[in-house]
Amino acid sequence: MSDQSYLSLEKLTLAYGDTVAVADLDLDIRRGELIALLGPSGCGKTTTMRAIAGLLPVKSGRVRLDGADITHVSPNKRAVGLVFQSYALFPHLSVYENVAFGLRLKGMRGADLDARVQQGITSVGLSNFANRRPAELSGGQQQRVALARSMVMEPKVLLLDEPLSNLDARLRLEMRTELQRVQKETGVTMIFVTHDQAEALALADRIVVMKRGAIEQIGSPQDIYNRPQSSFVADFVGFENVFALEGGKLKANGHLYDLQGDVPSVAGLAWRPRMVALGEGPFRGTVRGTSFAGDRREYLLDTPLGPIKAEDDASAPVHELGTELAFDLPARKAAPLASFA
Amino acid sequence: MNARTLFIPLTLFVVIAFLIGPFLIIVAASFSAGETLAFPPQGFSLRWIAKVFTVESFRASFGMSLFLAIGGTAAALIMGIPASYALSRYKLPGAEVIRTVVSAPIIVPGIIVGLALLRYIVVPFGVGISLALFLAHTALVLPYAVRVVSASLDNLRSDIEEAAVLLGSSRLGAFFRVVLPNIRGGILSAFILGFVTSFNQVPVSLFLSGPGVRTLPIDMIAYMEIVFDPSVAALSSLLAFLSIGIVFAAERFLGFSRYV
């Protein structure tokens, strides 16, 4: 086993009945990495996570963990933890008994058990809540119980399903910090599933962007954010103006347009709204919509290329609705896309 | 006060009188000092209440009814809990058909069920009366068991079972460790409902009574055909208070009405 592939998925194919949800997926994860599986709903990220946990049988391919083939190992013997999106705490048991559940099944009793459970509850800051039932806790507290319940088992991999999506903005930040702390202190390999790019960018060491059951791009948050490889990823991380290239010209609505500057020979180019230069350039558009966003103003332009999203400094003069504007899509600022779907 | 404002309370009174009236008459009649079942009661005494406990056949049939209510309901739950689990957790082909078949004893009149059991099961296969009664009561209670247990299973999230499995439990272990404790209230409610249904059941039992083997309600009818004294009223009152007591206790400790 190399350190490069503590957990590896090899040609993994997963299906619900005859519907293939994930096809031929290859992924290598290092020990202690914090990985985000990012994608819209239906992209197969949750399916992949369930297969790693063993909750979904593998149709073909293999799952290896820590040198062992666990493809057909039942979920209760995998040493894989999962924090459910709904937390899935046992409603009839106290916080203490929820955390003790797995340890008791391991045969742990008495002082050993108590010490581990107390330590687990304390580590998530809930030592005063040990005797409460889940229904008496807030969502954020329930999630921390779920985290402690998984972590006391010392899993080889901890999976988290949309860990921040049910929390309000303040708790999100708290939980994000909490997860990073747990990961740093224990060195556990973590994989979390999310549809929120901001969450993935903030938390992950590496992001795996998925689309329709396949991996679209793997990279560091900086890579994914600044250098999307495909039109799908570009669109997903906020490059809202995505165009195909043909023979060094921009292709839109069946026409080809010349771009200024050196055009790389790639499949497409993508611009964030703030990369669009307003007020000068070879293209013309009409202001169709505008909205104030604090530090900047957003514009929606109607153009021969189709709708263009642009931004200007909030301090710049406002272009009123219906105004015709010149604009440019500067090639040197654009993200080059290796594939265009 | 005009006719319109009087109409509603009057209707309410008539309805309640109709519902509670017979019960009050029976209770009053059981404390009669007279020799025959009559209303208004003649005098006051506890002699008929006391007599209930001395009638030999009442003791035997009470035992039989108790056995059927407890045994039949327990058997219905042993079959009904796994059936409910399967119906609520798996997308089974024909699940709706199964649900309907299981509910059939509620829909089909008891007289028909009793006659069918007698004609096509008891007589041709020579099934003993006690066994036939047991099977009939089990079948009668099964729909209630499936319904009430299904309702509490549907209210229980299924991912806690997956959580239990990932913490090292087997699938079956997860059922016993995290499903059963959380549907305990539903199971107890189903038991009480089944018990009362079975205990008060007349039409099916009517066909399946034989020499020396009778349920209490059937025995009471038979007794009344021979002896027309207030002891039947006294027994009815006792049974009614028993049922009320059980349901009250269930509501108090389990929140019975949440499940049925």
**Study point:** Condition met for residue A:169 (within 14 Å of chain B (Cβ to nearest Cβ) and either more than 26 Å from residue A:4 (Cβ to Cβ) or surrounded by fewer than 20 Cβ atoms within 10 Å (Cβ to Cβ) (or both))
**Key:** no
Exercise for review: Report yes if some residue within the range B:231-250 is in a helix (DSSP H, G or I), crowded, with 23+ Cβ neighbours inside 10 Å and within 14 Å of another protein chain (Cβ to nearest Cβ); otherwise report no.
Suggested key: no
Review point. Do you know which residues across the range B:173-188 are away from every other protein chain (no Cβ under 11 Å) and either open to solvent by 10 Å² or more (accessible area, probe 1.4 Å) or in contact with a Cys (Cβ under 9 Å, 6 or more places away or on another chain) (or both)?
Key: B:175, B:176, B:187, B:188
Exercise for review: Mind telling me which of the residues B:209, B:169, B:152, B:158 ends up being among the hydroxyl-bearing types (Ser, Thr, Tyr) and more than 14 Å from chain A (Cβ to nearest Cβ)?
Suggested key: B:209
Practice item. Look at residue A:185 and say whether it is open to solvent by less than 50 Å² (accessible area, probe 1.4 Å), over 14 Å from residue A:337 (Cβ atoms) and acidic (Asp, Glu). Key: no
Review point. Which fully enclosed helices (runs of 4 or more DSSP H) of the range B:128-177 have 1 or more residues being within 18 Å of the chain's Cα centre (by Cα)?
Key: B:129-154
**Study point:** Test set (1) out of contact with any Cys (no Cβ under 8 Å at 6 or more places or on another chain); (2) under 24 Å from residue A:31 (Cα atoms) - residue A:138 fails condition number
**Key:** (2)
Review point. Quick check: is even one residue across the range A:55-74 at the interface with another protein chain (Cβ under 9 Å from one of its Cβ atoms) and not aromatic (Phe, Trp, Tyr)?
Key: yes
Point to revise | Single unsatisfied condition, residue B:204 versus (1) closer than 25 Å to residue B:149 by Cβ; (2) surrounded by fewer than 21 Cβ atoms within 10 Å (Cβ to Cβ) | key: (2)
**Study point:** Matching option when the condition is outside any loop (DSSP other than H, G, I, E, B) and touching a strand residue (DSSP E or B) at 6+ places or on another chain (Cβ under 7 Å), among A:36, A:115, A:100
**Key:** A:36
Check your understanding: Before we move on, is residue A:269 touching a Phe, Trp or Tyr at 6+ places or on another chain (Cβ under 9 Å), open to solvent by less than 10 Å² (accessible area, probe 1.4 Å) and assigned to a strand (DSSP E or B)?
Key -> yes
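Scan the range A:173-184 residue by residue and report those that are in contact (Cβ under 8 Å) with a residue 12 or more places away in the chain and either not assigned by TED's automatic domain parsing to the domain that holds residue A:152 or not hydrophobic (A, V, I, L, M, F, W, C) (or both).
Passing the criteria: A:174, A:176, A:178, A:180, A:183.
The values are calculated or read from the model by the stated rules, or taken from the named source; none is laboratory data. Just so we're clear, the structure is a prediction, and the values are computed from it rather than from any experiment. Neighbour counts run over all protein chains shown; Cβ positions are idealised from the backbone, glycine included. Areas reflect the complete protein model, heavy atoms only, side chains present, ligands, DNA and RNA absent. Shrake-Rupley method; radii C 1.70, N 1.55, O 1.52, S 1.80 Å.
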